[in-house]
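Read the structure below first, then the notes.
The values are calculated or read from the model by the stated rules, or taken from the named source; none is laboratory data. Since the structure is predicted, the reported quantities are computational estimates derived from the model, not experimental observations. Neighbour counts run over all protein chains shown; Cβ positions are idealised from the backbone, glycine included. Areas reflect the complete protein model, heavy atoms only, side chains present, ligands, DNA and RNA absent. Shrake-Rupley method; radii C 1.70, N 1.55, O 1.52, S 1.80 Å.
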Amino acid sequence: MKKIGELLVEQGKISERDVERTLLAQAEMGGVFGQVLVKLGLVSEADVASALSVQLSVALLATADYPESPIRLEGVAQDFLLSNAVVPVADSEQETRFAATMPQDRFLAKALAMALDKPVDIVLGLESDINKALQLYMQDQDEDTADSGADDQFGGQSDDEFIEHLRDLASEAPVIRLVNQLIHRALDMGASDIHIEPFEDGLQLRYRVDGVLQDYPDPPAGNLAAAIASRIKLLSQMNIAERRLPQDGRIMIRVKGHELDLRVSTIPTVHGESIVMRVLDRESIQLSLSSMGFSEDTLRRYQGLLARPHGVLLVTGPTGSGKTTTLYASLASLDSESLKIITVEDPVEYQLQGVNQIQVQAQISLSFARALRAILRQDPDIIMIGEMRDTETAQIGVQSALTGHLVLSTLHTNTAASAITRLEDMGIERYLITSSVNGVLAQRLVRTLCKQCKEPQTVGRDYIEQTGLRRFVSGDTQQVFHAGGCPACNHTGYSGRTGIHELFVLDEEMHRVIMSGADATLLHTAAKRQGMVTLYEDGLRKVVQGVTSMEELLRVTQDQSEGESSRIAETIDIPPAESLSA
């Protein structure tokens, strides 16, 4: 009997090299060879099923041949069907036909024949088709239970029975496989977040890839929402019986040789629990400032601020703009052997060699402020504060800088200059800001164009003048690139992200402007006069270099100047800034 790999090679679906790669992956992650092929994206599920049908000489059931209504069988338990991935598709007095993902399992046929006391015929089915049929089967049974007079799914159960029922839901083989597939798919797609959202018409499954949410075309059935939530909560050490309050948890898991750290958050909605899992791949983080998209002049000035013995250095930007990663890379560039470095974070995302890292614990009142007060007695040279969230934390950070420490931290502001007014809003006097703050780095992440499908376009003088490219272009024409779309980038036109930066250095001139009481707009204007390159201008450099597109730059920096963005958007024939998705 020929192996699946040999059949697929003969059919031209895969190469010998693909077979070797799959065998290595199978040895690491386990599973059936055909399923590993599908997970790696080398072939489709239908291709594997077709080859398996030839190998076993078993008929492959077409999607259209599954019954519209579930077939109920006395004597066959639902748990048996779920754990063996088998579903009835036809029933008569003489014989019952089943579809299974593993029809070659001889014990499966024997067990079903004994349970029904009549012959059975098992054909091959696609795993996706069988899962859908089983979901209909379970949904039909749930409706029968509801019609029998139960008030709800857990009516009449004691608390212990209710919790045990949730544990049973989370321990069913199809649910375990489904949750594992969600996580594996996130790693394959390079997703930073997994969103599982219940709505009236079913579950919505979305992945955030390169900062943009993408719908997954085949989400799990809505009736599995409780089982999926229970499984994830069980893995993340949450209270599976509590569905009325938000919860947070953490899952440490190894997938395909990668150590994944999943930060899980659940919130109750009107249709069930909405779950978001933040995916942190410890092996993918880049702790090198030179590889984070810094322009040479900005990087040189930023490293100069890092080299100062004391003062506050802030990194600002919205959630998900890479602030913490920049701080980690900054610490990694410092000499931890000759310097005492302590961090206070919530949470500690990555562990750094030679750095003392403290995890904030709100449940035992270990806040940023309390940890900072203790840190100052530990004789540190450099302190990193995960985020300045409140007045007390900001005040201690400023006082630490004034007493000879270098303090790194983040703030949630849109521009570098607005960090000054944010500190003032938090109760820090302007004379303390000018005495302690060395500089502020604002950053965003822009998607980089896919190298395989980006499309060149030559633009003329009018385009160059209207978009602001003139500062970085000497001639009257310039080649820029637009997003295309190919299988390598999942037809998005983009692959990966890089940073754009705006460095606001507080020199003597800026001290005078700050002390004059200028607001964020005037500070921003004054900083530009001093030579500061704005986020939009730094992005223009990357447009000229062919790293990203003008459309992507406007999407990310539209909040910097809506009027300018709208005018530029009209020039390059894309929607105005306010209609672009953030």
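Restricting the range 169-247 to trypsin sites (Lys or Arg not before Pro) that sit in a DSSP loop and have at most 12 other Cβ atoms within 10 Å of their own Cβ leaves R244. For the range 446-503, the Kirkwood hydrodynamic radius comes to 12.8 Å, computed from all pairs of different C-alpha atoms. Between the Cα long axis of helix 127-147 and the first principal axis of the chain there is an angle of about 80°, rounded to the nearest 10. Heavy-atom accessible area, probed at 1.4 angstrom with all protein chains present, ranks Y207, Y216 as Y216, Y207, highest first. Along its first, second and third principal axes, ordered by size, the range 1-104 spans 48, 26, 25 Å in Cα coordinates. Averaged over residues, the count of other Cβ atoms within 10 Å places the peptides 405-415, 9-19 in the sequence 405-415, 9-19, highest first. Subtracting the Cα-Cα distance of Q78 and N356 from their residue separation scaled by 0.36 nm leaves 94.9 nm.
Note on S435 and Q214: with the Förster distance fixed at 41 Å, the Cβ-Cβ geometry gives a FRET efficiency of about 0.30. Distance between the 7 Å Cα→Cβ label points at E200 and D281: 3.9 nm. Solvent-accessible area assigned to carbon and sulfur over the chain amounts to 47 percent, based on a 1.4 Å probe. Against the chain, whose longest principal axis is taken from its Cα atoms, helix 16-29 shows a tilt of about 90°. Please work out the FRET efficiency for the pair R21 and R177, using the Cβ-Cβ distance as r and a Förster radius of 22 Å; give the result to the nearest 0.05. Efficiency computed from Cβ-Cβ geometry: 0.50.
Using the Cα centre of the chain as origin and beta-carbon charges of +1 (Lys, Arg) and -1 (Asp, Glu), tell me which of S192, Q452, N239 is placed farthest towards the positive end of the dipole. Checking the options against the dipole of the chain, the answer is Q452.
In this label model, K2 and T319 are separated by 5.3 nm, measuring between points 7 Å along each Cα→Cβ vector.
Over the range 413-552, the fraction of Cα-Cα pairs per 5 Å bin, rounded to whole percents and listed from the shortest bin up, is 2, 10, 17, 16, 13, 12, 10, 9, 6, 4, 1, 0. Rounded to 0.05, the FRET efficiency of the E93 and R185 pair, given R0 = 41 Å and the Cβ-Cβ distance, is 0.40. Here the contact order of the chain, divided by its residue count and restricted to Cα pairs under 8 Å and six or more residues apart, works out to 8 percent. By how many degrees, between 0 and 90 and to the nearest 10, does the Cα long axis of helix 391-402 differ from the longest principal axis of the chain? The angle comes out near 50 degrees.
Per residue, the chain exposes an accessible area of 48 Å² to a 1.4 Å probe, with every protein chain left in place. Using C-alpha pairs under 8 Å with a sequence gap of at least 6, the mean separation divided by the residue count of the range 1-138 gives a relative contact order of 22 percent. Our summary gives the range 190-280 a relative contact order of 29 percent, counting only alpha carbon pairs under 8 angstrom and 6 or more residues apart.
Secondary-structure-derived ellipticity at 222 nm for the chain, considering helices only, amounts to -11500 deg cm²/dmol, per-run term -39500 (n - 2.57) for DSSP H runs with n ≥ 4. Beta bridges assigned by DSSP with both partners in the chain are antiparallel in approximately 65 percent of cases.
Directionally averaged projected area (the chain, Cα convex hull): 32.6 nm².
Applying Stokes-Einstein at 25 °C and 0.890 mPa s to the Kirkwood radius of the range 262-341, computed over alpha-carbon pairs, gives a translational diffusion coefficient of 159 µm² s⁻¹.
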